[in-house]
Amino acid sequence: MAVFMITFTHTRHQLEEGWLYFLVEILPTYGTAILSVISGYLYFTVSRKKKYLFQKKVKSLAIPYLIANVSVVMLVLFSYYVLGFNPLNRLGIGPELFTEGVLALNMEPVNPPTYFIRDIFLVFAVIALLTQKEWRALPVILVFLVFGSLFLRLDVVGLFIIGTLYGMVRDRLNRGWFVALSALAVAVVAMWFPQYLKWPIAVFLFILVIDLEFKFYNTGRYAYLLHLYHSPIIVITYPFIGAHISNPFLSIGSQILTASLLVYFMLLFTRRFPVLTILSGGR
């Protein structure tokens, strides 16, 4: 659900207010916040116990991230040299396509929502270096420290730490205390720091649902592919949708549905050819 919400914010529209604007511009920001908390929690409860953390995260995070952004760069180069126009409005056709468009040294990559994958990978690189002495992580960290920013979004790192801390202390207190404390944090921030409200709400929602026991269809690979590829799919298909659908609600719904369906076809394709699970980091 968090990943699905993130797809909303990359739809094309002219909205500036109203409930639909809230749905596609404000609510989706909670999705990334919740994913950050989940990542920290899963690190402590699952990944922390595994050896070769950096090597595993190269496979599950770095390689899918690079494929998702290099493929977009290739489409940009095709559009520029074959079709005669540059679809990017913030990067030129030059070295910055690699340094910023792919590596994202100082800004979001050409596939914007994947900045989260970039930051989480670097969080794990730091953890692997400090806790497991995986020295292969050091050159990667130094590249970003010297030539850019180690993390693009410090809130992702902060929420990751909160998720990790919750994993550490969850068995020491009754769950009701955590729910009450996180609800209190929501109330306090809402009164005095409303601009940061999404962070305590993300923590509150996470604590509220993490211990619920119910069976659900395994959506790991689909959710990851949707996170990685929904934005370029929306960019490519919007000209056709925008030319035929003028109603904002129907246009936004069509963009989300198109991205969801095409990613589902990608999922089926990876099932048919297992070697393509590299696109989802082995999931």
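Observations on the structure shown:
- Bridgeable lysines around Lys56 (alpha carbons under 26 Å apart, same-chain partners fewer than 8 residues away excluded): Lys133.
- Descending by average beta-carbon neighbour count within 10 Å, the peptides 24-37, 166-179 line up as 24-37, 166-179, the highest first.
- Taking Cα centre as origin and charging only the Cβ of basic (Lys, Arg, +1) and acidic (Asp, Glu, -1) residues, the dipole magnitude of the chain rounds to 1240 debye.
- Taking every DSSP helix (H) stretch of at least 4 residues in the chain, weighting each as -39,500 (n - 2.57) and dividing the sum by the residue count yields a mean residue ellipticity at 222 nm of -20000 deg cm²/dmol.
- If you take the Cα centroid of region 163-215 and the Cα centroid of region 1-68, the two points sit 18 Å apart.
- Based on C-alpha pairs under 8 angstrom that are at least 6 apart in sequence, region 1-86 has a relative contact order of 24 percent.
- Size descriptors for region 102-168 (Cα atoms only): Rg and Dmax, in that order, 12.3, 36 Å.
- Relative contact order of the chain, taken over Cα pairs closer than 8 Å and 6 or more residues apart, is 29 percent.
- Gyration tensor verdict on region 216-282 (Cα atoms; rounded if a/c is under 1.5, prolate if a/b is larger than b/c, oblate otherwise): prolate
- Placing pseudo-labels 7 Å out from each Cα toward the beta carbon at Tyr80 and Gln132 gives an inter-label distance of 3.7 nm.
- For region 1-148: rounded, prolate or oblate by the Cα gyration tensor [a/c cutoff 1.5]: oblate
- Normalising the average separation of contacting C-alpha pairs (under 8 angstrom, six or more residues apart) by the number of residues puts the relative contact order of region 100-186 at 25 percent.
- Probing with 1.4 Å while keeping every protein chain in the model, the per residue accessible area of the chain equals 56 Å².
- Three-way shape call for the chain based on the alpha-carbon gyration tensor, with the a/c threshold at 1.5: oblate
The values are calculated or read from the model by the stated rules, or taken from the named source; none is laboratory data. In this text, all values refer to a predicted model and were calculated from it rather than measured experimentally. All Cβ positions, glycine included, derive from the backbone under ideal geometry; neighbour counts span all protein chains shown. The protein model used for the area step is the full one, side chains on, heavy atoms only, and it has no ligands, DNA or RNA in it. Shrake-Rupley method; radii C 1.70, N 1.55, O 1.52, S 1.80 Å.
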